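Here is the structure we will look at, set down as structure tokens.
The values are calculated or read from the model by the stated rules, or taken from the named source; none is laboratory data. Please read all numbers here as calculations on a predicted model, not as lab measurements. With ideal geometry, Cβ positions are generated from the backbone for all residues, glycine too; neighbour counts draw on all protein chains shown.
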Amino acid sequence: MGKSLFWFRRDLRLGDNPALANAIANGDETLVIFHMDADIWNRAGEYRNAYLTQSLKELSKSLSGNLLIVSGDLTKTFQEIVKKYNIDQIHAAKQYAPFGVNQEVQLEKAGFKIEFTGSPYAIAPGRVQKPDGGNYRVYTPFYKAWVAHGWRKPIAVPDKLNLISPLKKDQVNFFQEVPKGVELQTAGEAAALARFEEFKKNGLNQYDEMRNYPGVKGVSRLSPHLRWGEIHPRTLLADLKNNSAHEVFRKEIAWREFYADVLHHYPHTTRDYYSPKYAEMRYEKPDGKFKAWCEGKTGFPIVDAGMRQLLAEGWMHNRVRMIVASFLVKDLHLEWHHGANYFMKYLIDNDVASNSHGWQWTAGCGTDASPYYRIFNPIEQGRKFDPEGTYIKKYVPELREVPVEEIHEPHLSNAWKKSGYVKPIVDHALERKESLARLAEIKEN
DNA sequence: TTTTGAGTTGTTCGA
DNA sequence: GTCGAACAACTCAAA
């Protein structure tokens, strides 16, 4: 047996963690580590780092303080740790986004034999295949094949951990305080499980209807927990039934898996256009309007509410993500990656596969290319999905005195002047036509 | 190999 | 106010 090392990556939990269970079962004692990539830490936003700080703190607590956080060159660090603690075997879960894959390649090149078990997905990317062995590029057939493939049941937390207590002097401390005025949701496995319980009681059964209304508690908000692996999608799937509300939630989980699968097959699409011809389109350069978008000062209430929610919480409701993304690409004519980068900086659920491909979908250059005419009207979307203006008023306080009937077009309201709210920075009807015209240009080729 | 049907989330216009 | 049709052409999956 000997001593095992468990490498925590995007699986910051003890429950339903087969790789951890293997490490524990196959070692007399186990050293548990997390490797912090200093480059990423320095590049990443404060929101994300603050969330990760708390998640690691929670994880360490559940490991009785025995989590060893290391940093520095990955292979060198592994070499030192293995030698110092007399490690006989290394266990971890696989990753599939480019960064994680690269880590695995690096360690393999350096001669490490790592026992990989599982992944952050119910079904590992690459496993769901067409009958001819190819990969799916359309969601619905992927979903059917994904369901047909099936996944295993969750497993329990190991009984006895038998952890090695790391030396204090080996610990590297990374700490990021939550930025002032920002309220992040609670990180950690316990919070994830509690949130899922709450969602099952209050939300899941109405998910198909309510998930579109950002002003009500209609969604699970599990995305940050999934992103860091504080809960595994299998744990969620195991509790879903076969009714339409649960089915819609299952489909959302499948979207996460679909995009991971697509990125696995086309790793360059983290930054590059999935449909290359869209790179040829005429775009604007980020300017004052981009800044207004970032700050939530576009004069379109639902857009501004969304962007301000992002700044206030490091999270944005999915319906609103689509609206603000459509606005950036179709109304401001900016390339999708400007928005995607900004999202990555502020979102605590900043998953590269879901983010890049979510943006590409909105921009029309992604998988399942949206019809060219699908351009969100930010005013109509507001009316439809925030009819009472609840969401808008929460994040755009200037508009709290504006009557509901006028809140989606406040510049037409008598209450507008007093409100101090900005005028729309563009004319949506015009920009819609402009967007269609630019699209027509690349069609001609 | 060829053919056929379908493709997350929308908007506008005119009856 | 409500409703259905039109809005392109193309790519993908599967028969």
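Just to verify a result, which residue in segment A:108-142, among those that are closer than 13 Å to A:Gln95 by Cβ and in contact with a Pro (Cβ under 6 Å, 6 or more places away or on another chain), is farthest from DNA strand B (Cβ to nearest atom)? Residue satisfying both the conditions and the ranking: A:Thr117. In summary, A:Phe385 fulfils each of the numbered conditions (1) within 16 Å of DNA strand C (Cβ to nearest atom); (2) surrounded by 15 or more Cβ atoms within 10 Å (Cβ to Cβ); (3) within 30 Å of A:His268 (Cβ to Cβ) with the single exception of condition (3). Among all positions in segment A:109-121, there is no residue which is touching a residue at least 60 places away in the same chain (Cβ under 8 Å) and either in contact with a Ser or Thr (Cβ under 7 Å, 6 or more places away or on another chain) or more than 24 Å from A:Ser62 (Cβ to Cβ) (or both).
When the residues of segment A:306-317 are filtered to those that are out of contact with any Lys or Arg (no Cβ under 8 Å at 6 or more places or on another chain) and of a type in the set (A, V, I, L, M, F, W, C), the one that is nearest to DNA strand B (Cβ to nearest atom) is A:Met316.
For segment A:75-106, a residue qualifies if it is surrounded by fewer than 19 Cβ atoms within 10 Å (Cβ to Cβ) and in contact with a strand residue (DSSP E or B) (Cβ under 6 Å, 6 or more places away or on another chain), and the qualifying residues are A:Thr77, A:Tyr85, A:Asn86, A:Asp88.
Of everything listed in (1) more than 16 Å from DNA strand B (Cβ to nearest atom); (2) closer than 19 Å to A:Arg383 by Cβ; (3) part of a helix (DSSP H, G or I); (4) in contact with an Asp or Glu (Cβ under 9 Å, 6 or more places away or on another chain), the single unmet condition for A:Glu431 is (1).
Taking segment A:125-138 as the search range and keeping residues that are near DNA strand C (Cβ under 9 Å from one of its atoms) and touching a residue at least 40 places away in the same chain (Cβ under 8 Å), which one is surrounded by the fewest Cβ atoms within 10 Å (Cβ to Cβ)? Taking the candidates together, the pick is A:Val138. Taken together, A:Val303, A:Val320 contain a single residue that is within 19 Å of the chain's Cα centre (by Cα) and within 16 Å of DNA strand B (Cβ to nearest atom), which is A:Val320.
Right, A:Asp368: within 16 Å of DNA strand B (Cβ to nearest atom) and under 25 Å from A:Ser55 (Cβ atoms) or not?
no
Against the numbered list (1) within 11 Å of DNA strand B (Cβ to nearest atom); (2) under 25 Å from A:Gly181 (Cα atoms); (3) of a type in the set (Phe, Trp, Tyr), A:Trp293 comes up short only at (1). Does any residue of segment A:109-118 turn out to be within 24 Å of the chain's Cα centre (by Cα) and buried (at least 18 other Cβ atoms within 10 Å of the Cβ)? Yes, that holds for at least one residue. For A:Lys418, only one of the following conditions fails: (1) more than 17 Å from A:Met307 (Cβ to Cβ); (2) not in a helix (DSSP H, G or I). What is its number? Of the numbered conditions (1) more than 17 Å from A:Met307 (Cβ to Cβ); (2) not in a helix (DSSP H, G or I), the odd one out for A:Lys418 is (2). So which residues in segment A:18-64 are polar (S, T, N, Q), touching a helix residue (DSSP H, G or I) at 6+ places or on another chain (Cβ under 7 Å) and crowded, with 23+ Cβ neighbours inside 10 Å? The answer is A:Thr30, and nothing else. Applying the criterion of being out of contact with any helix residue (DSSP H, G or I) (no Cβ under 7 Å at 6 or more places or on another chain) and modelled with pLDDT under 95 to the residues of segment A:172-209, the residue that is nearest to A:Ala238 (Cα to Cα) is A:Glu209. For segment A:375-399, a residue qualifies if it is in contact (Cβ under 8 Å) with a residue 40 or more places away in the chain, assigned to a loop (DSSP other than H, G, I, E, B), more than 23 Å from the chain's Cα centre (by Cα) and within 16 Å of DNA strand B (Cβ to nearest atom), and the qualifying residues are A:Ile375, A:Asn377, A:Asp386. Apart from one condition, A:Trp361 fits all of (1) out of contact with any helix residue (DSSP H, G or I) (no Cβ under 7 Å at 6 or more places or on another chain); (2) in a helix (DSSP H, G or I); (3) more than 16 Å from DNA strand B (Cβ to nearest atom); the exception is (3). A residue that is within 16 Å of DNA strand C (Cβ to nearest atom), surrounded by 14 or more Cβ atoms within 10 Å (Cβ to Cβ), at pLDDT 95 or above and in the same structural domain as A:Lys291 (by TED's automatic domain parsing) can be found somewhere in segment A:346-359.
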